[in-house]
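Each reported figure results from applying straightforward, stated rules to the coordinates on display, with no laboratory input. The structure displayed is predicted, hence computed values, not measured ones. For neighbour counting, all protein chains shown are included, and Cβ atoms are generated from backbone atoms with ideal geometry for every residue, glycine included.
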Amino acid sequence: MDIRFLGGVREVGRSAVLVNDSLLLDFGMLTGTPPQFPVETPEPDAVVVSHGHLDHVGALPGLLSGANRPDIHWTPPTYELTLTLARDTLKLHGGTLHCPFTENDVKRVTEVSRTHGYRETFEAAGHDVTFYNAGHIPGSAHVLIDDGDTRLLYTGDFHTDDQRLVAGTTARPDADVVICESTYSDVEHDPRAAVEARFAQSVKTTLWEGGTVVVPAFAIGRTQEILLVCEAHDIPCYVDGMGKQVTEMLRQYPEFVRDADALRRAKSHARFVTGRDGQRKRIADQNAAIVTTSGMLSGGPAMTYVPAIRANPTNKVAMTGYQVEGTPGRDLLETGSAELDGRRMPVSAQVEQYDFSAHADRDGLRDFLDAYTDTPVVVNHGDRCEAFAAALETDGFDATAPAHGEEHTY
């Protein structure tokens, strides 16, 4: 089996792996100014997608801009999430270098889509392919590819611990080579129950003191996780931004979430914001948590809420995800100010960060790879891929961390 790495190696973003020059795994983008895309745009016979986050699907419609029309295989939630992200990218950046596709390309995605459930083997570009629940977000999948000679396991992004929204992965299918993500390979997450308890207590304290809490959250996965936490701890909350649409959509796929009834209760508990008639500014004065995009303060309704609450030290901004260097969210954590909606603003409100990560940490990665001690491991999707591969080699693994454009044969 020939494997070529077109993106997502020694970095987090623009994931793309080409198998046997015919089967493409993911085709994402690395957000930034300007954004970066895979180092090559191939013409595969078929595409298989691990899950619906921008770094794995952000450039996908661009594969259909020419004469090539490969089938695209994914789970139903991943299909829906990809379309949501693509339409949002068109809305924000259509016709610019930040958007590598057109509205027609997005329409073509619907024509070539092929959806599959977990553990249902299907054929793609002459390969047998099977999805396994990866425990990252709803619909996320480990991808097992069998070309008749070699079985490749592409982990995609995964978590080994349970979240409220999805259960951790338990799948360990037999494989001859593993491509493993390494986002948090040198981090140890605090127990989720402890993180959740600290978050809930902090929010409740602020509300009791008469303040407002803005909770920037990624629309896909994180927003729904925080809504579940708010319902479980009886925290009054609003939800705004793309997370509203994603929450509604996920209700349609109960088999891809851990507890469909809990998600229904969380949706009913939250108040959905329309944004009409100055509603956001009125909400910013209320004693409630406001769960809103964007998760790194780079746009979205957060551009209204944070400026509205920033001057009162009783208020709080509770970050719930990793803040990439150079983003307003990272600036706010490090300096107490950020560029919000084109203006540099000091923030007197309290700023906190909580690790609600949907990725396996160092121990989770090792726990997963314990099933593959005699299997070559290719490390990708991380800022410290080479260091993690070296650590694995020290412990007896056959581990590598390829660079962009490299081709390996197994």
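Where does the charge balance sit around residue 114 when Lys and Arg score +1, Asp and Glu -1, over other residues with C-beta under 12 Å from its C-beta? Intermediate values should be presented prior to the final figure.
Details: positive: none; negative: 71, 111, 120, 123.
Net charge around residue 114: -4.
In this Cβ point-charge picture (+1 for Lys and Arg, -1 for Asp and Glu), the chain has a dipole of about 2460 debye about its Cα centre.
Rounded, prolate or oblate: which fits segment 28-79 when a ≥ b ≥ c are the square roots of the eigenvalues of the alpha-carbon gyration tensor, with rounded for a/c under 1.5 and prolate only if a/b beats b/c? Could the numbers behind the result be given before it?
On the way: a/c = 2.36, a/b = 1.17, b/c = 2.02.
Note, shape of segment 28-79 comes out oblate.
Comparing Cα centroids, segment 293-321 and segment 151-203 end up 27 angstrom apart. Highest mean packing comes first when the peptides 193-204, 353-364, 49-60, 151-162 are listed by Cβ atoms within 10 Å, giving 49-60, 151-162, 353-364, 193-204. Among the listed pairs 107/267; 281/316; 91/316, a Cα-Cα separation exceeding 24 Å is found for 107/267; 91/316.
In the elastic network of the chain, a GNM with C-alpha springs shorter than 10 Å, the most mobile of 328, 76, 35 is 35.
Over the chain, Cα pairs under 8 Å with separation of 6+ residues give a relative contact order of 18 percent. Net charge in the neighbourhood of residue 386 (other residues with Cβ under 14 Å of its Cβ; Lys, Arg +1, Asp, Glu -1) is -3. Segment 342-410 and segment 70-145 have Cα centres lying 23 Å from one another.
In a shell of Cβ-Cβ distance under 13 Å around residue 372, excluding residue 372 itself, what net charge do Lys and Arg (+1) and Asp and Glu (-1) give?
On the way: positive: 151, 172, 366; negative: 174, 176, 367, 370, 374, 395, 398.
That works out to -4.
The Cα center of segment 265-284 and the Cα center of segment 1-40 differ in position by 38 Å. Cysteines in the chain lacking any other cysteine Cβ under 4.7 Å from their own Cβ: 99, 180, 385. Of all the options 48, 273, 214, the one that moves most in a Gaussian network model of the chain with Cα springs shorter than 10 angstrom is 273. Of all the options 206, 320, 223, the one that moves most in a Gaussian network model of the chain with Cα springs shorter than 10 angstrom is 206.
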